[in-house]
């Protein structure tokens, strides 16, 4: 049975906090209060939320494909801007399970595994290509030398053997109106800067797109210091400016994602969505591990570097959540007064990445930690998608060239 919080979470998958407030005729502080751990929503407001959700078309105003999809954070962001996902590629079987549990497989959607085995011609036509491909080094070689040796050049040569090649070949074949690529900030310095140079050269010079690159810190919208690089391209002239993307957040603190320490409900299970769920003792660090982490941090402090654990309370902002979180949870430990600290639960990790509480977590804790650590921050993607969406309209395209 759906609750008022379910209705709010569904709405927040498609609209920002400010947009929900505007659509319902309330102020943003009211929506923020609804989303707080102790928040309650009136029957009248719930009815408005349900009516709002029912007006959301499943057809979408533009079609997109979701490559290297992970668990679908990018899809959530672009669906919130009115997009419809028509193709997904993800090779990891655990991520596939989580993705399909939450999105299913509709009539207008194709799900594929390893993108290296997908022929570009079989990918449905789409307006936007989305991809969070792994960062790999490229070999840069002069075109003239390649010509003299009778060997191919361009992206088919410079990127062959890397997963970016699969992104480039689909863009070349399908010519989407736009694309958005996401990567870790280290891509800017990766392979002494050669990686980003090749990527930009291929997208701009080989494929003919107008390309913009920017870095965003998600701490405006989630309580986590997380910087990522975004590469957006449009086919032909466009007035879109990546610098115009505004993360209009409230700079939240960990209280917005943590379970209450005195929660009264049962131990968290994979499908638990309630914010009052009690945290299981299994998330509390053993005394042995806690002693080890403290000694490890002390050793590195004496050596003059900053390696060690990170510990947060309700008013803090966390370090970056990583895919290795399942090993010891050291980067984000939660204070428990004078008691041994604990790890975040998978549900708290989901919230830390901006996923709604209605999002299902059908895998083990280990896999869930890996999945959320590898994911995108959904509200950041939503902000970029909302800025891109108006520029996908044909009339605006003509206006930009006029």
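Just so you know, all these numbers are worked out from the coordinates, no wet-lab data involved. Quantities reported herein were computed from a predicted structural model and do not represent experimental measurements. Positions of Cβ are generated from backbone atoms using ideal geometry, with glycine treated the same way; all protein chains shown enter the neighbour counts.
Per-structure values
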{"item": "Sorted by Cβ neighbour density within 10 Å, fewest at the top, the residues 91, 290, 34", "result": "91, 290, 34"}
{"item": "Listed peptides 162-168, 239-245 by packing density, highest first (mean Cβ within 10 Å)", "result": "162-168, 239-245"}
{"item": "Whole-Å distance, taken between Cα centres, linking segment 315-393 and segment 64-108", "result": "17"}
